[in-house]
2 protein chains.
Amino acid sequence: MRILVLGGDGYLGWPTALHLSASGHEVGLVDSFARRGYDTELGATSLVPIVSLEERVEAWRQASGTRLATYIGDLTDPVFTHRTVEAFRPDAIVHFAEQRSAPYSMIDQAHAVYTQMNNVVGTLNVLYAIADVDPSIHLVKLGSMGEYGTPNIDIEEGWLEITHNGRTDRVLYPKRPGSFYHLSKVHDSHNIEFACRAWGLAATDLNQGIVYGQETEETRRRPDLATRFDYDAVFGTVLNRMVVQAVCGHPLTVYGSGGQTRGMLDIRDTVECVRIACEHPARPGEFRVFNQFTEEFSVRGIAALVREAAGDDVAIAMVDNPRVEADEHYYHAEHSGLVELGLEPHLLSDTLFDSLLAIARRHRDNADPSLFDPSVRWRATSSPVGSRQSVLVA
Amino acid sequence: MRILVLGGDGYLGWPTALHLSASGHEVGLVDSFARRGYDTELGATSLVPIVSLEERVEAWRQASGTRLATYIGDLTDPVFTHRTVEAFRPDAIVHFAEQRSAPYSMIDQAHAVYTQMNNVVGTLNVLYAIADVDPSIHLVKLGSMGEYGTPNIDIEEGWLEITHNGRTDRVLYPKRPGSFYHLSKVHDSHNIEFACRAWGLAATDLNQGIVYGQETEETRRRPDLATRFDYDAVFGTVLNRMVVQAVCGHPLTVYGSGGQTRGMLDIRDTVECVRIACEHPARPGEFRVFNQFTEEFSVRGIAALVREAAGDDVAIAMVDNPRVEADEHYYHAEHSGLVELGLEPHLLSDTLFDSLLAIARRHRDNADPSLFDPSVRWRATSSPVGSRQSVLVA
């Protein structure tokens with residue numbers, strides 16, 4: 001298949017592109033380098049050094065003999081988006097190209113608006129490009145388990161059968177997310193479902209859990225194929241961040257009571273889930289939703305596992321929760337769709353911890369401990385004109 | 001109370017501002033004149049002539065002895081929005097200031113993106129301005145009954161009690177709207193609910209049905225207090241448009257089988273509902289939803305009523321439905337919240353038809369019949385680069 005990966009220079013976009021390429025697909029990459037720009041803005045860098053897109057594409061050519069097509073531009077530009085889809089003519093588009101940090105979206109008014117505009121407009125433009133160029137292109141869109149929030153009922157895969165006052169319907173699962181970033185994904189899902197209904201597009205919405213890990217079979221082949229590894233409080237996912245805190249001798253920061261339970265998955269399962277979704281497309285007009293995670297953990301459970309793996313001298317610091325979320329709540333989410341299509345999950349294991357800890361130790365000197373602590377507070381105080389400033393970035 | 005009406009120069013914003021002023025409130029108006037700009041773009045005008053905002057504000061001063069404060073600017077500008085809220089210091093903000101036409105949002109990629117950006121960013125900026133200036137300001141936001149779509153279960157007022165796998169929760173009512181415009185309102189509702197939860201804001205979401213009528217007690221006082229009256233296929237609401245078609249000897253255009261059932265209300269009830277919502281504010285942290293309509297009609301039922309009132313020589317033309325929607329469907333929507341707070345509905349009556357027909361006859365010469373027929377098709381064919389062009393506007 002011909003597969004276009006939007007956001008192909010990012011933490012997950014890059015290893016996904018390699019995995020799809022290694023699986024025999026022809027792969028194109030689209031990126032605006034927005035993610036590298038956030039590093040500059042926040043004064044952060046990937047713990048594991050990454051090379052430029054040009055260099056890593058050349059490295060993959062040397063490692064695999066395969067060329068990845070690249071398209072540099074911004075999806076919020078509709079002409080760029082249309083022309084890229086027209087030029088590459090994909091069978092499937094994998095869409096990672098969104099601002100993906102909840103804290104980043106909560107910095108202030110400007111970051112909230114940027115996040116929603118960047119994500120919603122980019123996705124609208126992708127939908128129009130598909131409808132215009134070839135409505136049979138399968139859209140595989142990355143969503144987030146965080147879109148659901150923490151309802152007191154079981155979380156189903158995107159849709160819910162309801163009986164109410166004696167009548168029954170299958171409705172979109174009601175979501176109640178906890179940040180302007182997660183809201184942008186909810187907006188996307190509604191827009192995509194409408195495009196499937198109105199234009200007959202075929203889409204798969206992957207509501208992904210929190211990803212951990214840094215290596216895949218493909219990125220391990222050469223150091224210059226490495227993907228980024230974020231450990232800062234804005235872009236670092238919880239397990240990755242705690243592993244780096246552990247090797248730096250910094251307390252593991254647990255927000256609130258740490259009873260927040262979340263679906264999580266190994267980066268190797270992310271790339272495999274996307275491959276499976278591409279190779280088993282949604283039907284025309286179908287808005288298909290998978291919950292893409294493999295195990296549920298509480299945040300304090302994760303901290304305990306990291307301490308167990310890293311050694312008893314690791315401290316755990318319970319800090320005031322900077323977010324507005326329930327610390328303790330019911331959580332049970334369905335996630336059988338991808339397993340039924342063949343996913344064989346990597347479960348969180350000692351081996352994974354050994355490998356992650358080894359990576360973190362190897363690059364420990366790159367870590368800036370000042371980036372560990374949460375700097376963005378959801379309930380911010382008031383602020384200068386036109387900007388609800390929750391944090392001073394950089 | 002001090003009440004700031006956003007979109008105070010529009011079809012409903014203007015009569016609402018007058019009604020609130022006549023009810024003893026101190027009223028400020030915000031407008032960017034975007035609605036007058038759409039007229040220019042579409043080559044359409046209000047059937048009933050309207051004067052400039054400056055002139056109508058002066059007319060109201062002469063008629064009532066009361067001055068309305070005016071703020072001209074765009075809510076997508078966060079500094080303008082913040083400074084306006086800070087300058088007027090309202091107790092309540094009534095938010096009509098959105099692009100409100102479903103067909104307009106479906107013209108092409110540019111109109112879809114404009115609609116979602118204008119509406120979502122404007123509302124985000126209003127939320128930030130409230131949170132920053134005074135979180136106790138009550139936001140009264142105009143939504144649409146069209147956000148719900150046509151589910152096979154009863155439509156409740158914004159929230160739904162669900163029992164699923166033996167557990168129960170109160171969730172946001174799952175919505176499945178039928179245009180990028182209606183989607184923008186769904187996005188707004190999710191963002192507002194989050195702001196209530198995260199920042200303790202108080203908000204009332206008024207999911208309004210289709211409004212008919214042109215006069216209120218206040219706008220009748222002088223001709224230069226008239227509000228606009230749209231009859232074109234893009235901005236004209238169904239009953240208003242059909243009345244103008246009838247007096248022009250044009251067939252009443254019914255889309256599809258005309259079995260689409262919708263909640264509707266008299267413009268005099270719109271202004272009264274908003275007054276009631278303002279005078280009975282939501283609690284801090286509460287996201288309160290009312291379904292703001294008084295009666296349910298099918299589109300072919302409306303056409304039959306217009307023919308009955310206007311005379312038997314009026315033809316009814318069933319045209320291909322340009323929208324993607326169910327022509328025949330279950331429809332039952334709850335709408336008791338505003339009645340419990342004191343709303344006394346004006347039901348659709350012969351008197352109303354007599355008055356509307358008289359208005360339409362008086363201004364018949366202003367009508368351009370070329371604007372009656374639907375020009376925007378939801379399932380558009382493909383288009384030039386970067387623009388899914390469904391209609392040639394102007």
Exercise for the section: Test B:G24 against the stated conditions and say whether it is surrounded by fewer than 16 Cβ atoms within 10 Å (Cβ to Cβ) and at pLDDT 95 or above. Expected result: yes
Practice task
Output the qualifying pairs, or none if there are none: Cβ atoms under 8 angstrom, residues six or more apart or on different chains, first residue in segment B:104-124 and over 17 Å from B:T40 (Cβ atoms) and more than 7 Å from chain A (Cβ to nearest Cβ), second residue assigned to a helix (DSSP H, G or I) and acidic (D, E).
Solution key: B:N119/B:D188; B:T123/B:D188
Practice task
Take segment B:48-81 and flag every residue that is among the charged types (D, E, K, R) and either within 14 Å of chain A (Cβ to nearest Cβ) or not in a helix (DSSP H, G or I) (or both).
Solution key: B:R67, B:D74, B:D77
Exercise for the section: For B:L139, work out the one condition from (1) in contact with a helix residue (DSSP H, G or I) (Cβ under 7 Å, 6 or more places away or on another chain); (2) at the interface with chain A (Cβ under 10 Å from one of its Cβ atoms) it doesn't fulfil. Expected result: (2)
Problem - Members of segment B:122-139 that are of a type outside the set (S, T, Y), buried (at least 24 other Cβ atoms within 10 Å of the Cβ) and in a helix (DSSP H, G or I) - result: B:G122, B:L124, B:N125, B:V126, B:L127, B:A129, B:I130, B:D132
Completion exercise
Those residues of segment A:82-91 that are over 21 Å from B:D108 (Cβ atoms) and crowded, with 24+ Cβ neighbours inside 10 Å come to a total of 1
Completion exercise
Apart from one, (1) away from chain A (no Cβ under 14 Å); (2) surrounded by fewer than 24 Cβ atoms within 10 Å (Cβ to Cβ); (3) touching a strand residue (DSSP E or B) at 6+ places or on another chain (Cβ under 8 Å); (4) not β-branched (V, I, T) all hold for B:F96; the odd one out is (2)
Problem - A:T84 vs. criteria closer than 23 Å to A:L183 by Cβ, touching a residue at least 24 places away in the same chain (Cβ under 8 Å) and within 14 Å of chain B (Cβ to nearest Cβ) - result: no
Practice task
Report yes if A:Y212 is closer than 24 Å to B:N191 by Cα and touching a strand residue (DSSP E or B) at 6+ places or on another chain (Cβ under 8 Å), otherwise no.
Solution key: no
Exercise for the section: Assess whether A:T227 counts as being under 15 Å from the mean Cα position of the chain (by Cα), crowded, with 24+ Cβ neighbours inside 10 Å and of a type in the set (V, I, T). Expected result: yes
Exercise for the section: Could you please let me know if B:I162 is under 23 Å from A:L172 (Cα atoms) and surrounded by fewer than 24 Cβ atoms within 10 Å (Cβ to Cβ)? Expected result: yes
Fill in the blank from the handout: If you go through B:L53, B:L18, the only one that is under 28 Å from B:A233 (Cα atoms), surrounded by fewer than 22 Cβ atoms within 10 Å (Cβ to Cβ) and not charged (D, E, K, R) is B:L53
Practice task
Hey, can you tell me all the residues within segment B:75-121 that are over 22 Å from the mean Cα position of the chain (by Cα) and of a type in the set (S, T, Y)?
Solution key: B:T84
Exercise for the section: Determine, yes or no, whether B:S387 is at pLDDT below 95 and either over 24 Å from the mean Cα position of the chain (by Cα) or within 14 Å of chain A (Cβ to nearest Cβ) (or both). Expected result: yes
Practice task
Could you grab me the full set of residues in segment A:225-240 that are among the aromatic types (F, W, Y) and under 15 Å from A:Y104 (Cα atoms)?
Solution key: A:Y231, A:F235
Handout entry: helices (runs of 4 or more DSSP H) within segment B:255-341 that include 3 or more residues in contact (Cβ under 8 Å) with a residue 24 or more places away in the chain, surrounded by 17 or more Cβ atoms within 10 Å (Cβ to Cβ) and in contact with a strand residue (DSSP E or B) (Cβ under 6 Å, 6 or more places away or on another chain)
Key = B:267-279, B:299-310
Problem - Hey, B:T45 part of a loop (DSSP other than H, G, I, E, B), crowded, with 16+ Cβ neighbours inside 10 Å and among the polar types (S, T, N, Q) or not - result: yes
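The values are calculated or read from the model by the stated rules, or taken from the named source; none is laboratory data. Quantities reported herein were computed from a predicted structural model and do not represent experimental measurements. Note that each Cβ is placed from the backbone with ideal geometry, even for glycine, and that neighbours are counted across all protein chains shown.
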